[in-house]
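The values are calculated or read from the model by the stated rules, or taken from the named source; none is laboratory data. Quantities reported herein were computed from a predicted structural model and do not represent experimental measurements. In this analysis, Cβ positions are derived from the backbone assuming ideal geometry, glycine residues included, and neighbour counts consider all displayed protein chains. Accessible surface is based on the protein model in full, side chains and every heavy atom, while ligands, DNA and RNA are left aside. Shrake-Rupley method; radii C 1.70, N 1.55, O 1.52, S 1.80 Å.
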Amino acid sequence: MKKYGLEILLIIAFIVASGLGVYNTRIFELEPVTNVYGDIVQLFGRGIYAYESLFQGPIFVGTDFVILHVVIPLFIIFLIKADLTKQSHVLIKLGFLTVFIYYSINLAFGLMMNRLFLVYIIAFSTSFFLLIQTVRIINFEQLTMQISMGKMPKFLVGFLIIAGLSVSVWFFEIFELFHSRRPSEIIGMKTTEPTFILDLALIGPLCFIAAYNVRRDKAIGYVIGFMMLSLLAAIGLIVIAQTATQYYFGVTISIQEFTVYVGIFILLSSIAFNYLRVLMKGVLR
């Protein structure tokens, strides 16, 4: 019988966090406030994310919607059917956990503290330790044999490099610090942006490392590459939901902003999803 103690705890934590994020619709009558940079910030004033800015709050609601209605159900179905003696299933689990740990870090470090803070800690902790646990059961010898017998998808190395470079879009926001000696006004109530840190310090370099090792047919390259492709595939759905939610709550973005921060990631996400499909049918079957 399969034992999924930590996985069940992870699922419960994310259902609580994302469920309340989406469906807690209590409205707070909050006055605009001044942030540490002297900006007047209109607060979201809704549910768990009431004290986030009007720009940032809907982003979290949109992400929660995808996690709750897409990622978690797919993860539950996967756990029911999974056979972790198959390396392909181990990698799929790693892909899910990459998405979970990425978002849990953003929740734990990127929000104004709220009453779900302990839930965010549990979500982050279970994601982290399950990731370590899953990496330990990878059979690199078997995976190397499968890779040697298969054929690397065309342009995969190039795509991983492009994916790594895609996070450089955040430099547009970071360069604002050098120009005006303060962050962009979209920073809202935050003092820093965890997404910038994760993407520039980890996601980008990991994509380059994956590309380097995939080019040399090393198993570690395919493991890291699968994790990055899984995250990128999920981000496409997430940015669509984020943009739709912002529109619903009256936040508008320019065509330029949509192209740079949404359109590019939707395109990369669709390509990443196709590569995952090709890998599962080919090298990692």
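Structure notes:
- Peptides 248-258, 126-136 ordered by average Cβ neighbours within 10 Å, highest first: 126-136, 248-258
- Read-out percent of Cα pairs over 34 Å apart, derived from the coordinates shown; its label in (i) 26; (ii) 15; (iii) 22: (iii)
- Which listed pairs, of 81/218; 190/281; 3/190, have C-alpha distances above 32 Å, in listed order: 190/281; 3/190
- Sum of side-chain charges, residue 22 neighbourhood, beta-carbon under 12 Å (Lys, Arg +1; Asp, Glu -1): 0
- Farthest towards the positive end of the charge dipole of the chain, among the residues 88, 107, 126, is the Cα of 88, using unit charges on the Cβ of Lys, Arg, Asp and Glu.
- The length gained by stretching the chain between residue 264 and residue 77 to full extension, at 0.36 nm per residue less their Cα-Cα distance, is 64.3 nm.
- The magnitude of the dipole of the chain, with charges of +1 and -1 set on the Cβ of Lys/Arg and Asp/Glu and taken from the Cα centre, is near 1280 debye.
- Per-peptide average of other Cβ atoms within 10 Å, ordering 19-32, 152-165 highest first: 152-165, 19-32
- Measuring only protein heavy atoms, the 1.4 Å probe finds residue 266 accessible over about 60 Å².
- Sites residue 33 and residue 70 - FRET efficiency at Förster radius 30 Å, r taken between beta-carbons, to 0.05: 0.35
- Region 161-175 residues near the modelled residue 196 label - backbone nitrogen below 20 Å, point 7 Å along Cα→Cβ: 164-175
- Each peptide among 68-74, 230-236, 113-119 gets the average number of other Cβ atoms lying within 10 Å of its residues, and from highest to lowest they stand as 230-236, 68-74, 113-119.
- In a reduced charge model with +1 at each Lys and Arg Cβ and -1 at each Asp and Glu Cβ, region 185-285 shows a dipole moment near 620 debye about its Cα centre.
- Fully extended contour minus Cα-Cα distance, from residue 84 to residue 132, at 0.36 nm per residue: 15.8 nm
- For region 146-207: Kirkwood Rh in Å [reciprocal of mean 1/r, alpha carbons]: 13.8
- Applying the criteria of a DSSP loop state and at most 10 other Cβ atoms within 10 Å to the trypsin sites (Lys or Arg not before Pro) of region 36-90 yields no site.
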